[in-house]
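The values are calculated or read from the model by the stated rules, or taken from the named source; none is laboratory data. Owing to the predicted nature of the structure, the values given are computational and were not obtained by experimental measurement. Cβ sites come from the backbone with ideal geometry, for glycine too, and all protein chains shown count toward neighbours. Ligands, DNA and RNA are excluded from the accessible area calculation, which covers all protein heavy atoms including side chains. Shrake-Rupley method; radii C 1.70, N 1.55, O 1.52, S 1.80 Å.
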Amino acid sequence: MTAKIISICNLKGGVGKTTLVMALAEYLAGDTMYNKRVLAIDLDAQSNLTNAMMSDEVWEWEYNSRGLTLPFLFQNAEYALDDINVKDFIVKDNVSNVRKNNSFLCLHLIPNSPKFFTIHANLTAGAITTLFQVIQPVLPNYDYILIDCPPSINKIVKSAFYASDYCLIPCVASRMSVYGLELLLEQIDIFNRDYQHNLKAIGTVICRYNNTVSQVEKLALMMINPFIPAIFYHKILERAKIAESLNFQHNLTYKQKYGDVHDVMVKITKEFIQKVDLE
């Protein structure tokens, strides 16, 4: 069985995208949860997923200073792909701090660096196939590959589209977030036509939900909009405690890290598996 590749994106920032990628990766891979083999790829130059899933010290001394983060991979892949050992870029040990009463058979990460901001302008059209080529050798090693995409449309994001089978869209129940979702769907249609691809949107996850009147009204409109990909039954509530837990000083249980969101994430992850595996 080869990995199913899912890009997680919305063209509006601040929708809880990276938190969703982190949580899906941790819940999919945990041996007390779904025990899947997962590779997470941080494609966003802000590197928030990298910061959330590995320690600063390991990132700096074992990966970034040695040229083993995504900027170096993209910078060199177009002319030296055959000479690059992709496995060197994959963090395999001590990814995630959810290791109290839990472990991971296979939770890996390809980290990023803010240096990624500096290479965008110099990428050629060939960069769009880079990620696809890079991950081909490791596809049999995973059940799911999750790509955390930046909120933009450029060669980097198109490389994620080209590599992916599916797209999952996190969205806040607000006008601008829904607008970003609609623009993303338009761009996916254009990309599929231009590259003869078949990227499918498998669903919409409502994030940062606080049950205000305006959010309830917006969500009701979203649910009857036939153009919005099916909305997951469970929603991720607005919650600051998750961000406070993003350190590697102490191992945490799922409940300690995610608090009241824990039970919801178990169900969202199950729904995610069902949607992807049914395709």
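At-a-glance table
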{"read-out": "Cysteines without a disulfide-compatible partner [the chain; Cβ-Cβ under 4.7 Å]", "value": "Cys106, Cys167, Cys171, Cys207"}
{"read-out": "Long pairs among Lys17/Lys87; Lys92/Lys270; Lys200/Lys257; Lys36/Lys257; Lys92/Lys155; Lys87/Lys270, criterion Cα-Cα beyond 22 Å", "value": "Lys17/Lys87; Lys92/Lys270; Lys200/Lys257; Lys92/Lys155; Lys87/Lys270"}
{"read-out": "For the chain, the longest site-free run once chymotrypsin sites (Phe, Trp or Tyr not before Pro) in DSSP loop states with at most 13 other Cβ atoms within 10 Å are removed", "value": "1-226"}
{"read-out": "Student exercise, the range 115-246 dipole from Lys, Arg, Asp, Glu Cβ charges, in Debye to nearest 20", "value": "220"}
{"read-out": "Carbon and sulfur %, accessible surface of the range 1-63 computed with the full protein complex present, 1.4 Å", "value": "49"}
{"read-out": "Gain on full stretching of the segment that runs from Asn210 to Arg175 - 0.36 nm per residue minus C-alpha separation", "value": "11.1 nm"}
{"read-out": "Dipole of the range 155-279, positive end: most advanced residue of Gln196, His250, Val213 [Cβ charges, Cα centre]", "value": "His250"}
{"read-out": "Share of carbon and sulfur in the accessible heavy-atom surface of the range 179-279 [1.4 Å probe, %]", "value": "52"}
{"read-out": "Computed log₁₀ I(q)/I(0) - Debye formula, equal Cα scatterers, no solvent, the range 121-279, q 0.17, 0.20, 0.21 Å⁻¹", "value": "-1.19, -1.38, -1.41"}
{"read-out": "Sum of -39500 (n - 2.57) over DSSP H runs of 4+, divided by residues of the chain (222 nm, nearest 500)", "value": "-11000 deg cm²/dmol"}
{"read-out": "Fraction of antiparallel bridges per DSSP, the chain only, in percent to nearest 5", "value": "5"}
{"read-out": "Net charge dipole size for the chain [Lys, Arg +1 and Asp, Glu -1 on Cβ; Debye, nearest 20]", "value": "620"}
{"read-out": "Surface/4 estimate of mean projected area, convex hull on alpha-carbon atoms of the range 1-101, nm²", "value": "8.0"}
{"read-out": "GNM result for the chain, Cα springs below 10 Å: residue of Ala163, Ala125, Ala52 fluctuating most strongly", "value": "Ala125"}
{"read-out": "Probe 1.4 Å, protein heavy atoms only - accessible area per residue of the chain in square angstrom", "value": "45"}
{"read-out": "Directionally averaged shadow of the chain, computed from the convex hull of its alpha-carbon atoms, nm²", "value": "13.8"}
{"read-out": "Of all accessible heavy-atom area on the range 81-178, the percent that carbon and sulfur account for (1.4 Å)", "value": "49"}
{"read-out": "Cα→Cβ-extended label distance, 7 Å offset, between Gln187 and Glu57, nm", "value": "3.8"}
